[in-house]
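Notes for the one structure printed next.
Every read-out reported here was derived from the displayed coordinates using simple, explicitly stated rules and does not represent laboratory data. Just so it is clear, the model here is predicted, and its values are computed rather than measured. All Cβ positions, even for glycine, are placed from backbone atoms using ideal geometry, and neighbour counts span all protein chains on display.
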Amino acid sequence: MMIPIPSEVYPPSEDTRLLLRVALQEARAEDMAIEIGCGSGLICKELALKVKSIVATDISPHATRWVKSHGIEVVRADLFRGIEAWFDLVIFNPPYLPTSEEERISGWLNASLDGGATGRDSIFAFLGQLGSHLSPRGRALLLISSLNGCKEIREKARAEGLEVSLKATERCFFEQLHVLEVTRRA
């Protein structure tokens, strides 16, 4: 019998499964990988079988405890804070829901969902830090929603010296989910 994921940890959903499918297609045996915001650890657990090494991070102490209890190397961190390595593959399923002050929920689960008023707060912070953590052949897989404003995300990436291309898209409930590949601009 499987132990249920704690209620404070983001459970795998449609967004997680889409990002996992793309990550498994993109992973290379020689990749040094990191998953930012690992939640339940599903993606990093699967990727560990395909890449040279992987580190998982999450801001939530509940998520890091859960993932560690399943034998996955995990660091409690806010995005790349305290991480000084370069990676060939970076995976990020950010909190992307546009969230007003009234919509916020209490507890650590809010950190998995709340993307700020536009849904882009964590995405923009990630893009601002990504360039200094990508290896020369590095790429990031970033999950976003049609609710986030794809144009604004592309503009922010460009301003950070990054290129964006669409890897996958899937319709889900009230939104379209997109997986973007982000690389250094040539």
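Using a simple spin-label model with pseudo-atoms 7 Å out from Cα toward Cβ, Leu113 and Ala29 lie 4.3 nm apart. The calculated FRET efficiency for the pair Ala186 and Arg65, based on their C-beta separation and a Förster distance of 41 Å, comes to about 0.50.
By counting other Cβ atoms within 10 Å of each Cβ, how are Trp86, Trp108 ranked from fewest to most? Before the final figure, lay out the partial values.
On the way: Trp86 15, Trp108 18.
Lowest to highest Cβ neighbour count: Trp86, Trp108.
For the stretch 85-102, the residues whose amide N sits under 19 Å from a probe point set 7 Å from the Cα of Glu14 along the beta carbon direction are 93-99.
Under a Gaussian network description of the chain, with springs only between Cα atoms under 10 Å, the residue in Lys52, Lys167, Lys151 that fluctuates furthest is Lys151. Rounded to the nearest 0.05, the FRET efficiency derived from the C-beta distance between Arg81 and Phe174 at R0 = 35 Å is 0.65. Over the chain, DSSP H runs of length four or greater, each weighted -39,500 (n - 2.57), average out per residue to a 222 nm ellipticity of -7500 deg cm²/dmol.
What's the extension gain from Arg21 to Glu73 if we count 0.36 nm per residue and subtract their Cα-Cα distance?
On the way: separation 52, 0.36 × 52 = 18.72 nm, distance 2.13 nm.
Taking Arg21 through Glu73 to full extension adds about 16.6 nm, to one decimal.
Please report Leu89, Leu162 as a ranked list, fewest other C-beta atoms within 10 angstrom at the top and most at the bottom.
Details: Leu89 26, Leu162 20.
If I rank by nearby Cβ atoms, fewest first, I get Leu162, Leu89.
In straight-distance terms, cross-link reach from Lys50 covers every one of the lysines whose alpha-carbon lies under 28 Å from its own, apart from those fewer than eight places away in the same chain; here that gives Lys68, Lys167. For Leu97 and Lys52, the FRET efficiency from 1/(1 + (r/R0)^6), where r spans their Cβ atoms and R0 equals 35 Å, is about 0.55. Report the far tail of the P(r) of the stretch 15-68, meaning the percent of Cα-Cα pairs longer than 15 Å. Summing the P(r) tail past 15 Å for the stretch 15-68 gives 41 percent. Peptides 42-49, 31-38, 9-16 ordered by packing proxy, namely the average of other Cβ atoms within 10 Å per residue, highest first: 31-38, 42-49, 9-16. Grouping the Cα pair distances of the stretch 14-184 into 10 Å bins from zero gives a pair-distance distribution of 10, 41, 39, 9, 0 percent in increasing distance order.
Ordered by the number of other Cβ atoms lying within 10 Å of each residue's own Cβ, fewest first, Phe173, Phe126 fall into the sequence Phe173, Phe126.
The Cβ shell under 11 Å around Phe124 holds other residues with a net charge of -2, Lys and Arg each +1, Asp and Glu each -1.
Gain in length, Ser7 to Ser146, computed as 0.36 nm per residue apart minus the alpha-carbon separation, to one decimal in nm? Mind dumping the intermediate values first?
Details: separation 139, 0.36 × 139 = 50.04 nm, distance 2.65 nm.
Length gained, Ser7 through Ser146: 47.4 nm.
Cα centroid separation, the stretch 110-166 to the stretch 50-72: 21 Å. Secondary structure note: in the stretch 14-184, about 50% of the DSSP beta bridges are antiparallel.
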